[in-house]
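Notes for the one structure printed next.
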Amino acid sequence: MGLSDELSKFIPKGFGKKKKPTTVSDDIDSNYKSKDTTDKRTTGDSANRPIIAHSGAQHPTAPALEAKDAPDTLAKTEPEVSDPPQAKDDDTDDDDSDDEYPVGSHIVMKEHIKSVSALAWDPSGDLLVSGDNGSLVHMWDFRAMDGSYKPTRTLVPYEGQQVRDLRFNRSGTHLLCATSDPRAKLYESNGHPVCEFKRGDMYVSDMRKTNGHVSGLFAADWNPQSDDVFATASADGTVRIWSCERPRAQDQVLVGKARNAGAVTACRYSSAMGPAAVIAAAQMDGSISLWPANGPYLRPVSRIDSAHARGTETSDIVFAPDGHRFATRGGDDTVKLWDIRRPTSPVATTVLATSHSATSLAFSPSGSQIMVGAPQSIAVLDISDLSVLRHIPVGKCSAGITRVLWHPRVNQITAAATDGSLSVLYSQTQSMRGAMLCAGKRSRRRADDVQVVGPIITPHALPLFRDDDKPAVMSAGKRRREAARGSSKHAPGQPLYGHGKGGNIGINETQHIMKSIIKDTMRDEDPREALLKYAAVAESDPMFVAPAYKNTQDRPVFDNDADDQVPEMKRRK
């Protein structure tokens, strides 16, 4: 037995690290020592900081202790003392508000001459498209732009027609353009035209019976559930639903209840999916009509009369991300929030001055704020009561803001002004791609940027050296043909002396001598005198046509006295 007890000391009873058995008082002491060490690390001064303890609290793993078993340190502890909260200064508040909105940096693009009336951003956030009142559409591809901030492509949908709306489809492959012309135009994302949609017959009184709009367009919007279906609103008082595969006729015609409601100035699909999706359209009589997005389209399911002042243009309708609420911007200087589940009265209303008839709205990606263009700034409204949270200045722009977009993917804000400038606001920490791809890039030197001092005269541009028979610039194929023919690239052939060869006749010194002795004087003779010296010979001895008619030809007799007689002037009666 003694030997087995000695061997049992060397036999392992378990594996892993063994913990020393401790008592409850040892656990409490170690817990307070660890907290004291943490306080020393964080503050660096443990003498002035009291020991943190909760009176009456028990250790999470230890049983309840009686007062006599508790250590002396537990009785000597003091309650926790927290520092009084310090008030934030104004700079801290501004930094927090700037962190909520991507407005830390911005770039300005100035290419439009007239007021910008339309904006569109593709789903990736790398391509921005803008249109103005002067019929120009500029495409800004941030991936190909440099520090000069020049557009990568310029389009003219219809000459002299105002650009009123631009929209990318859900996948970003096509761009829809609505102008003051009755025909909508479809482009690819790279700017190549695809097709234009048909104009209706203006002599048909019933707008349901004609294929196409008969008056200028005001707005257009893509169906969020499809990539080839969209709706257009026109001054003829109708909303028409089109398919990209059938540009010669619309699929559906939507007409409001009132026959004299006037032009449809705004239309928009809701962001909801399924049966809850609707189409909202605003007209010049101040009303807003709602149709189901998937039909039937015979009559609107709901109509809001006097939503805005009669005779004013409702410039924009924007749906919230939840798909149930939407905001309208009226020409009566009001912004109203509506709920399609209870459209009888607005949820909230605010008065905000407008600087342009095409002022738009934009929801934040979270849907908690609404951004509205205002004179010299962007107004941020709270969606609960439409109160103004703040005004965001747009750089040094002193003009009115017409169009606003907040892209949710790149987290950047675009603002267009009445002076034709475009500003893209972004944050260095919260934004990505978009305008940050070209911000700070070095401007490339362009061919048209070279400055010319004084006139430049090239030798072959002078009349002395100009060859008018041939163009100044020849294509590569024409140069090859000219080189093959050898018409102007070879020197003239040298005279061949002696016997001829190769089809050329040779000359010798005798010919040169005879040419210098015998001169041709025909050039110095008068041609009239040379012909008249043969007149007598031709009359006396005709050789060609005259001998054939010599015996039968009558001799002409001329009346020489007729020239001497002058007719008498007739007397006037």
Quiz item: Are there any pairs with C-beta distances below 8 angstrom linking a residue in the stretch 329-355 that is over 19 Å from residue 375 (Cα atoms) to a residue that is aliphatic (A, V, I, L, M) and open to solvent by 50 Å² or more (accessible area, probe 1.4 Å), with the two at least 6 apart or on different chains, and if so which?
Solution: 337/347; 338/347; 339/347
Exercise. Within the stretch 311-332, identify whether any single residue is open to solvent by 60 Å² or more (accessible area, probe 1.4 Å), in a strand (DSSP E or B), at pLDDT 90 or above and charged (D, E, K, R), and answer yes or no.
Key: yes
Practice problem: Considering each residue of the stretch 490-518, count those that are aliphatic (A, V, I, L, M), open to solvent by less than 100 Å² (accessible area, probe 1.4 Å) and at pLDDT 70 or above, and give that number. | Solution: 4
Practice problem: Test residue 253 against the stated conditions and say whether it is among the β-branched types (Val, Ile, Thr), open to solvent by 10 Å² or more (accessible area, probe 1.4 Å) and not in a loop (DSSP other than H, G, I, E, B). | Solution: yes
Exercise. Starting from the stretch 273-301, keep only residues that are farther than 13 Å from residue 238 by Cα, then list their pairs with residues that are of a type in the set (D, E, K, R) and part of a loop (DSSP other than H, G, I, E, B) whose Cβ atoms are within a distance under 6 Å, requiring at least 6 positions of separation or different chains.
Key: 285/310; 286/310; 287/305
Exercise. May I ask you to list pairs of residues, at least six apart or on different chains, whose Cβ atoms are under 6 Å apart, with the first in the stretch 380-397 being within 22 Å of residue 421 (Cα to Cα) and open to solvent by less than 30 Å² (accessible area, probe 1.4 Å) and the second being of a type in the set (Val, Ile, Thr) and not in a strand (DSSP E or B)?
Key: 392/103
Exercise. Tally the residues that are open to solvent by 10 Å² or more (accessible area, probe 1.4 Å) and either of a type in the set (Gly, Ala, Ser) or within 17 Å of residue 329 (Cβ to Cβ) (or both), restricting the search to the stretch 401-420.
Key: 4
Exercise. Mind listing just one residue for me: the one in the stretch 166-186 that is open to solvent by less than 10 Å² (accessible area, probe 1.4 Å) and not in a loop (DSSP other than H, G, I, E, B) and, of those, nearest to residue 119 (Cα to Cα)?
Key: 166
Self-check item: Given (1) part of a strand (DSSP E or B); (2) more than 17 Å from residue 223 (Cβ to Cβ), number of the condition residue 290 does not satisfy
Solution: (2)
Practice problem: May I ask you to verify whether residue 302 is out of contact with any Gly (no Cβ under 8 Å at 6 or more places or on another chain) and either among the acidic types (Asp, Glu) or open to solvent by 20 Å² or more (accessible area, probe 1.4 Å) (or both)? | Solution: yes
Quiz item: In this structure, does residue 368 turn out to be touching a residue at least 40 places away in the same chain (Cβ under 8 Å), under 17 Å from residue 320 (Cβ atoms) and not β-branched (Val, Ile, Thr)?
Solution: no
Exercise. Kindly check whether there is at least one residue in the stretch 289-299 that is within 26 Å of the chain's Cα centre (by Cα) and either crowded, with 19+ Cβ neighbours inside 10 Å or closer than 29 Å to residue 201 by Cβ (or both).
Key: no
Exercise. For residue 345, work out the one condition from (1) open to solvent by less than 50 Å² (accessible area, probe 1.4 Å); (2) closer than 23 Å to residue 254 by Cβ it doesn't fulfil.
Key: (2)
Quiz item: Which ones in the stretch 522-536 are acidic (Asp, Glu), open to solvent by 90 Å² or more (accessible area, probe 1.4 Å) and modelled with pLDDT of 85 or more?
Solution: 529
Quiz item: Hey, residue 220 hits all of (1) surrounded by fewer than 22 Cβ atoms within 10 Å (Cβ to Cβ); (2) in contact (Cβ under 8 Å) with a residue 40 or more places away in the chain; (3) in contact with a Lys or Arg (Cβ under 7 Å, 6 or more places away or on another chain) but one; which does it fall short on?
Solution: (1)
Quiz item: Taking the stretch 271-285 only, how many residues are farther than 26 Å from residue 368 by Cα and surrounded by fewer than 22 Cβ atoms within 10 Å (Cβ to Cβ)?
Solution: 2
Quiz item: Of the residues that sit in the stretch 537-560 and are open to solvent by less than 100 Å² (accessible area, probe 1.4 Å) and part of a loop (DSSP other than H, G, I, E, B), which one is modelled with the lowest pLDDT?
Solution: 556
Practice problem: Starting from the stretch 131-144, keep only residues that are farther than 14 Å from residue 166 by Cα, then list their pairs with residues that are of a type in the set (D, E, K, R) and open to solvent by less than 10 Å² (accessible area, probe 1.4 Å) whose Cβ atoms are within a distance under 8 Å, requiring at least 6 positions of separation or different chains. | Solution: 141/126; 142/126; 143/126
Exercise. Please identify the pairs in which a residue from the stretch 434-448 that is closer than 18 Å to residue 139 by Cα has its Cβ atom under 6 Å from the Cβ atom of a residue that is open to solvent by 90 Å² or more (accessible area, probe 1.4 Å) and modelled with pLDDT of 90 or more, counting only partners at least 6 apart or on another chain.
Key: 437/143
Quiz item: So residue 377 clears everything in (1) over 17 Å from residue 284 (Cα atoms); (2) open to solvent by less than 60 Å² (accessible area, probe 1.4 Å); (3) touching a Leu at 6+ places or on another chain (Cβ under 7 Å) except one condition, right? Which one?
Solution: (3)
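The values are calculated or read from the model by the stated rules, or taken from the named source; none is laboratory data. Computed from a predicted structure; not experimentally measured. Reconstructed Cβ throughout: ideal geometry from the backbone, glycine too, with neighbour counts over all protein chains shown. Heavy atoms of the whole protein, side chains included, go into the accessibility calculation; ligands, DNA and RNA do not. Shrake-Rupley method; radii C 1.70, N 1.55, O 1.52, S 1.80 Å.
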